[in-house]
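Peer 1: Can you keep this structure in mind? I'll have questions shortly.
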Amino acid sequence: MATKLIALDLDNTLLNPQKEISLRSELVLKNLHQKGIKIVLTTGRPIKGILPFIRQLDLLQADDYAINFNGAVVVNNANQKTLFSHAMVKKDILPIYDLAMTYHFPLDIVSLQQAYSITELGKSTYENYIGPPMTFSDLNFAKLPDQKYYKFVCQDDPTKIDKISVLLKTVDNLTIVRSRRDLLEFLPRGTNKKNGLEKLISYFEFKWSDIMAFGDEENDEEMIQSAGVGVAMENAVVSVKKIANNVTLSNADDGVAVFLENYFTDIL
């Protein structure tokens, strides 16, 4: 069956090591989009954090959507209205905050429009990683607003993330997933990119066989395994390569563009 929707992870997948979409990738994706294939950025980042990429790819038609927070939110790119969301509140974060205080690791907590760095836990590099589209505030956990949150993260040295992951084996009120070797993400229970993408598939009345998905990390596994065409990057972790039915070149070598050029030779 012909592909109707291409779901693309960003970091270490579509984005090159300079955190950019290359001209080659931009051109092939714009071409496919113009031919009616839906291009969906599927990321752990909030919508504000990916607007430059949405604009670069001209994904601003009335039926263009993005999947954010690893599937916790599905947003219309043009009007930023939410099609689906799954949130948590401050009390859901408290058990991890207590562990962070005990074992000394940083936390950044993210809502739709704002991110908060918890000062007593120390400043991570997450704000630098997300960049200026997202507003960050430094504050004490006690002053964290009691509102809806869609994820919080621990960004630290990969070896420390390994140790923190072991501590969290018994946490069952959240979904905890690694989205980069140095980034651990905490999400509402049951959240993953597959579930977010499933909401969009249902909305468009597509089937999983209509979907092509690209990724490189643990948080991409479910959607790659479910997609009709699941593509792992050469730089992907072993678990993603095992469940994908295709492996392309690395993100440094325009792996997404190369695969699409070869796959869609009849329309490009």
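The values are calculated or read from the model by the stated rules, or taken from the named source; none is laboratory data. Quantities reported herein were computed from a predicted structural model and do not represent experimental measurements. Glycine also receives a Cβ, built like all others from the backbone with ideal geometry; neighbour counts cover every protein chain displayed.
Peer 1: Being surrounded by fewer than 18 Cβ atoms within 10 Å (Cβ to Cβ) and modelled with pLDDT of 95 or more narrows it down to one of 205, 198, so name that one.
Peer 2: None of the others qualify; the one that does is 205.
Peer 1: Got a sec? Which of 241, 199, 169, 143 is over 25 Å from residue 255 (Cα atoms) and either of a type in the set (A, V, I, L, M) or outside the structural domain of residue 97 (by TED's automatic domain parsing) (or both)?
Peer 2: Only one candidate passes the filter, namely 199.
Peer 1: Further question on the same structure: Give the stretch 136-153 a look and list any residue that's part of a loop (DSSP other than H, G, I, E, B) and surrounded by fewer than 23 Cβ atoms within 10 Å (Cβ to Cβ), or say none.
Peer 2: Those that are part of a loop (DSSP other than H, G, I, E, B) and surrounded by fewer than 23 Cβ atoms within 10 Å (Cβ to Cβ): 140, 144, 145, 146, 147, 148.
Peer 1: Would you confirm whether any residue within the stretch 27-36 is within 22 Å of residue 204 (Cα to Cα), in a loop (DSSP other than H, G, I, E, B), modelled with pLDDT of 95 or more and over 16 Å from the mean Cα position of the chain (by Cα)?
Peer 2: Yes, there is a match, as at least one residue in the stretch 27-36 is within 22 Å of residue 204 (Cα to Cα), in a loop (DSSP other than H, G, I, E, B), modelled with pLDDT of 95 or more and over 16 Å from the mean Cα position of the chain (by Cα).
Peer 1: Looking at the structure I just gave you, is residue 213 under 19 Å from the mean Cα position of the chain (by Cα), in a loop (DSSP other than H, G, I, E, B) and of a type in the set (Gly, Ala, Ser)?
Peer 2: no
This table checks each residue for (1) farther than 19 Å from residue 116 by Cα; (2) under 19 Å from the mean Cα position of the chain (by Cα).
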site	(1), (2)
132	no, yes
144	no, no
155	no, yes
177	yes, yes
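Peer 1: Got a sec? Which of 137, 117 is modelled with pLDDT of 90 or more, farther than 17 Å from residue 185 by Cβ and not aliphatic (A, V, I, L, M)?
Peer 2: Going through 137, 117 in turn, the sole match is 137.
Peer 1: For the stretch 1-19, give me each residue that is assigned to a loop (DSSP other than H, G, I, E, B) and touching a helix residue (DSSP H, G or I) at 6+ places or on another chain (Cβ under 9 Å).
Peer 2: 1, 2, 3, 4, 9, 15, 16, 17, 19
Peer 1: Taking the condition in contact (Cβ under 8 Å) with a residue 40 or more places away in the chain, farther than 30 Å from residue 238 by Cβ and not aromatic (Phe, Trp, Tyr), does residue 156 pass?
Peer 2: Answer is no for this residue.
Peer 1: What are the residues in the stretch 70-90 that are over 17 Å from residue 191 (Cβ atoms) and not polar (S, T, N, Q), if any?
Peer 2: Result: 78, 81, 90.
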